[in-house]
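For reference, the structure discussed in these notes is given below.
The values are calculated or read from the model by the stated rules, or taken from the named source; none is laboratory data. Just so it is clear, the structure is predicted and the values come from calculations on it, not from any experiment. All Cβ positions, glycine included, derive from the backbone under ideal geometry; neighbour counts span all protein chains shown. Protein only, heavy atoms only, side chains kept; ligands, DNA and RNA dropped before computing areas. Shrake-Rupley method; radii C 1.70, N 1.55, O 1.52, S 1.80 Å.
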Amino acid sequence: MTQPNLIGLVAAAMVAFAANSVLCRMAIGSGYIDAYSFTSIRVVSGAFTLWIIYCISQKRITSPVRNWQTGLSLTTYMVFFSLAYQFLDTGVGALLLFGSVQFTMLLVGFWQGERLSRMAWAGLLAAVVGLGLLLLPNENATATQPLYAVLMMIAGIGWGIYSLLGRGMIDPIESTCGSFIFCAPIVVALSFLNTEAQHLELNGLILAGVSGVMASALGYAVWYAALPHLRAISASTVQLSVPVIAALAGIILLGESLSGQLILACLLTVGGLAVVLVKR
């Protein structure tokens, strides 16, 4: 693969990852759809799209292998991600999600015997301080609601575990498709169990579908096409751009405010994690 093509694939994947935050916040925050319905439509549409891609790759209609561990961790991410974005700004949510993903992977590495240098520990401390800043009141005297921050962190832990389990994927598209198919009936059942809170408008349906088909299914497919051509450190560090892209998109598309606190939190968290990843 040529360098320009690789750069294009990576850029498209990062935009897709950030788009999930923007689309979710736009749909749920604007009241077009409830969190459970958004998750159901996103997962079902994503599963169907991935299944079509998988069948095309296999040149026959077939069913992918399903793994309950990856399926359950993906379900955790999907559900708590949508619930958290009911009351989180796009950039704040993306930063909490991304930070939790990286912390989860670092903790697992530490548990497996990996040790960090002093510089890496300093970067990790900076990242923790950056995430902590998000919970403090800003210049508008508002603060991130702790409950929804915790929900997003749980989503990040789910995605981090899913990423770790996916390291040994033989066929990433098959594994991802199988995980989505495992996840689909669970999130649909949760949606039916919360019929009192159900609310669905056409705009919400479209945004959830775009998130499932374009930002999730096709975004993951593009990322997996690029991964074999990236070193591990490159694959990790390039994802540092996702919270920044999401925050800028939230400001431009949703009119969210750019506070000095958010800028500082981004610099500390993204910069600190970059140091940790490079030193590893």
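General observations
- Against the empirical 2.2 N^0.38 Å (N residues), the stretch 197-280 has a Cα radius of gyration ratio of 1.40.
- Result for the chain in a Gaussian network model with C-alpha springs under 10 Å: among MET78, MET119, MET152, the largest mean-square fluctuation is at MET119.
- The order of the peptides 245-252, 179-186 by mean Cβ neighbours within 10 Å, most packed first, is 179-186, 245-252.
- Panel note: the C-alpha atoms of the chain, placed on their principal axes, show extents of 52, 44, 37 Å (largest first).
- Given charges at beta-carbon only (K, R positive; D, E negative), |dipole| of the stretch 5-138 in Debye: 380 debye
- Largest-first principal axis extents, alpha carbons of the stretch 15-131, Å: 52, 38, 24
- Between the stretch 259-280 and the stretch 179-205, the alpha-carbon center distance in angstrom: 34 Å
- Derived value for the stretch 147-229: Kirkwood hydrodynamic radius 15.0 Å. Basis is the mean of 1/r over every pair of different alpha-carbon atoms.
- Rolling a 1.4 Å probe over the heavy atoms of the protein chains gives the chain an accessible area of 47 Å² per residue.
- Cα pair distances exceeding 27 angstrom across the stretch 69-193, given as percent: 28 percent
- Coil-residue trypsin sites (Lys or Arg not before Pro) of the stretch 50-89, DSSP, other Cβ within 10 Å capped at 12: LYS59, ARG60
- Net charge over other residues, Cβ less than 14 angstrom from the Cβ of ALA217 (K, R count +1; D, E count -1): 0
- Cα centroid separation, the stretch 10-65 to the stretch 122-136 (Å): 30 Å
- Full extension of the chain between ALA122 and LEU107 yields a length gain of 3.9 nm, computed as 0.36 nm times the residue separation minus the alpha carbon distance.
- Estimated 222 nm signal from helices in the chain, with DSSP H stretches of n ≥ 4 weighted -39500 (n - 2.57), rounded to 500: -24500 deg cm²/dmol
- Listed peptides 40-49, 207-216 by packing density, highest first (mean Cβ within 10 Å): 40-49, 207-216
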